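Read-outs: derived from the displayed coordinates by stated rules, not from any lab. Just so we're clear, the structure is a prediction, and the values are computed from it rather than from any experiment. Quick reminder, even Gly has a Cβ in these numbers, built from the backbone with ideal geometry, and neighbours come from all protein chains shown.
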Amino acid sequence: MVRHPLERIEAAYIEHLCTPGGVTFTSINEAILSQPTIVDSSRYWEVFDAYRRRFEESQIMVLWFEEFVTETARVFQEVCRFLGIDDRVVPRVEDGRIYTHRAAARMAGLGRGHLRLNTIWDPSLRQAVVEQLREDNCRLLQCFGRPLNYWGKDLY
């Protein structure tokens, strides 16, 4: 599943704070500077290309997070058909979203309720990350016939 690369980085930062034993960063900026792999995980073409070197493309399904959020049942059924399993099952959703725990509640349960989520990017760091990911993500979007501005004009 692929999604807006910067939003995926933010989600990874939040997940670090919500995971037992996970590293606690004071901000998205500290997370990126401390663990560059948090950016590398948004190199979707690199990952897809590695899979297609080992498997036939017909064995790989790329899901678009934005479509999954807006059309959960349809995407879920496509996955079922891809896997060759019953696609008549409808996923259980609440308010159009799959139920997830809120980050603050998860953090509080870990004794990290005092930490503040800070997803405000330093503009120069954000631009540097965009530049690192631009070519990779453009290749993926082109491969799948998506417009280069699929995730916003500042990412291409």
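Assorted remarks:
- Where only DSSP H runs of four or more residues are counted, the chain gives -15500 deg cm²/dmol as its mean residue ellipticity at 222 nm, each run worth -39500 (n - 2.57).
- Residue-by-residue Karplus 3J(HN,Hα) for segment 117-129, coefficients 6.51, -1.76, 1.60, Hz, glycine and proline x: 6, 10, 9, 7, 7, 5, x, 6, 5, 4, 4, 5, 5
- Computed from backbone phi, the HN-Hα couplings of segment 18-32 come to 9, 9, x, x, x, 6, 9, 9, 7, 6, 4, 5, 5, 4, 5 Hz, rounded to whole numbers (Karplus: 6.51 cos²θ - 1.76 cosθ + 1.60, θ = phi - 60°; Gly and Pro given as x).
- Residues 4, 114 arranged by fewest to most Cβ contacts within 10 Å: 114, 4
- Per residue, the average separation of C-alpha pairs within less than 8 Å and at least 6 apart gives the chain a relative contact order of 30 percent.
- Under the Karplus curve 6.51 cos²θ - 1.76 cosθ + 1.60, θ = phi - 60°, whole-Hz ³J(HN,Hα) for segment 143-156, x wherever Gly or Pro sits: 4, 9, x, 8, x, 4, 8, 3, 9, x, 5, 7, 9, 10
- Around the amide H of residue 64, modelled in the peptide plane, lie the amide H atoms of 2, all under 5 Å away and 5 or more residues distant in sequence or on another chain.
- For segment 1-17 versus segment 28-49, the gap between their alpha-carbon centres in whole angstrom: 9 Å
- Cβ-defined net charge surrounding residue 151, 11 Å radius [Lys, Arg +1; Asp, Glu -1]: +2
- One chain, two ends: residue 117 and residue 46. Fully extended at 0.36 nm per residue, the span grows by 22.6 nm beyond their Cα-Cα distance.
- Taking a ≥ b ≥ c as the square roots of the eigenvalues of the alpha carbon gyration tensor, the chain is oblate, as a/c is not under 1.5 and a/b does not beat b/c.
- Prolate/oblate/rounded call for segment 1-62, Cα gyration tensor, a/c under 1.5 rounded: prolate
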